[in-house]
Every structure is written in C-alpha cells, then in structure tokens.
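Structure record follows, encoded as structure tokens.
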Amino acid sequence: MAHVTIDTMKAVVVANWKMHPQTFKDARKLFDSTKKAIETARNVSVIVAPPSVFVRELSRGYRGRIAFAAQGARAELEGAFTGDVSLAQMRDARCTYAIVGHAERRARGETNEDVAAQLKASLSLGLSPILCVGEKERSSDGTHYAFIKEELRSALSGIKPSDIKKILIAYEPVWAIGAVKPMTSRDMHEMGIFIRKCVVESIGDAGMDVRILYGGAIDQNTARPMIEEAHVHGLLVGRASLERGVFVAILESLSA
Ligand code: PGA
C-alpha cells in the first residue's frame, strides 16, 4: 500500500503524541477523532506521530490524507539494540516522515552526530525528516544563536542541496516545550530568518526554500497567530494533539 505524502504548500500540523495514550483502544479513538477533524480542515496537512507500537495497526487500511511519522528511531537498519526501533522498521510500518532530534531524545543522550546519522538514514530510506532544533535556554549575549547554528550545521552537512525540499525544520525552544505559553511570534519570526540564513550557509541558495515549523506550547488560541505573524509553514503540537476538542479547534482555526 502506498505511503501517504502530504501537501506541504498547506499549513503543516505535526501531532506528536509522545508516549500517549496507554492503550491501543485509546490510540484508535484519538486517530479516529483526528481523521474527523481533518475532513473539514481542507487547508491543513496533518502528520501524526504515534508511539511506534501503534503505527502499523493505525495505518492498516487507511487511505486518507493523514501521514504518519516516527517519533524517533535509530539510523542503523537493524542490529543488537535492545528496546529500540529503526527508521527502516518505521518506514516499513508506513511512516512517511521521521522526527529526528526531538529535545526529549536529545535530553536522553542523542548527540548531534546521532541526529545527523538519522537525518541521512531517513533521506536514504525515502522518509522525510522533521529535524528538531532548539536551545535549552536563552541568554542576553545571544549564545543560543550559535547553538542553533551548530545543531543545523552538523545535521545538514553533506546533504544534497536538493534534499532540503524533503526536510522540515522544527524550531522548538526547549524552554517552551510543555510550558504554559509559546514563544512570541515576533521572536519566532526572527529565529525563522536566522534559521534560513544558517541553512543557506550550510547548503547554498537551495536553503532559501527550507520549510520551518514552530513547536512548544501551541494551542487553539496561538496556532493561527503563530503561523501568520511568524511566517512559519506549520506547527509541531504535543499536548494539544491529545485532546480532541483542542486539536479540532487548532485545525479549524487554520482552515478558516
Ligand atoms: P507541547 O510539546 O506542545 O506539549 O509543548 C511540543 C513538542 O514537544 O513537540
């Protein structure tokens, strides 16, 4: 069965379920409500990243517009890595995207080198990487800019410039993940310009086409202003993707 590719000219919303919910029954309910929500939201493309154990069953027989993403997986095709899954296995389970370098995985020891290997493995497997970058904290002397630049440089070094079209970059400041409020759209606008400049430095003019998402504490009130005012292509949504009413409201606000 064909893997789903999404129309990334529309606003992209990535629903990162993280390690939720507890049972497949509840995962099925959540996916059903996400499917309903997208029926009316024609201007939005949705990528769902469920826990890896649920992906194959959720994607079985599904022929709609929602694409699946791995939340994180190893670059090695297979091997002696107890408890891990590989990008190749996630691709086989019908993922089209792979989140790489999420802050919660970096916090557990994934390095820039691991992230670079995963990005390259994703591309060679035909998965589109959603590359997460973001600083832990901000300082008045601007060192967070150098931090972001290095995360981007190390992940993108050696890729073909034309591959940038397959990549989504999700800027997620760690201090905004799980927080009460997202960063301001003004600050995100500034960061988006900086990210684009770094990508051009890394891969040349093709980097102008890079698509940038924002993630961290987005809900139904902040989704649309963030897209409009920060000029981002989409959003990576954690908690708000788990509550049916809230997720529907996010998609509706972007479709209006
Ligand atoms: P949050 O998580 O929306 O719950 O803040 C975002 C993320 O970690 O991707």
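A few notes on this one:
- Percent of C-alpha pairs per 10 Å bin, the stretch 140-256, short to long: 14, 43, 31, 13, 0
- Loop-located chymotrypsin sites (Phe, Trp or Tyr not before Pro) across the stretch 139-173 with a Cβ neighbour count of 13 or fewer within 10 Å are lacking, with loop assigned by DSSP.
- The chain - percent of accessible surface contributed by carbon and sulfur, probe 1.4 Å: 52 percent
- Taking the three principal axes of the alpha carbon atoms in the chain, the coordinate ranges are 48, 45, 31 Å, sorted in descending order.
- Ranked packing of 245-254, 208-217, most packed first, by mean Cβ within 10 Å: 208-217, 245-254
- Over 20 Å [Cα-Cα, the stretch 193-256], rounded percent: 36 percent
- The stretch 110-191: Rg to Rh, with Rh as the Kirkwood radius over Cα pairs: 1.00
- Over the chain: helical MRE at 222 nm, DSSP H runs n ≥ 4 each giving -39500 (n - 2.57), nearest 500: -12000 deg cm²/dmol
- Where the Cα pairs of the stretch 2-149 fall when distances are cut into 10 Å bins, in %: 11, 39, 33, 15, 3, 0
The values are calculated or read from the model by the stated rules, or taken from the named source; none is laboratory data. Since we're looking at a predicted model, the values are computed, not measured. Virtual Cβ from ideal backbone geometry, glycine too; neighbours counted across all protein chains shown. For the accessible areas, the whole protein counts, side chains as well, though only heavy atoms, and no ligand, DNA or RNA atoms are used. Shrake-Rupley method; radii C 1.70, N 1.55, O 1.52, S 1.80 Å.
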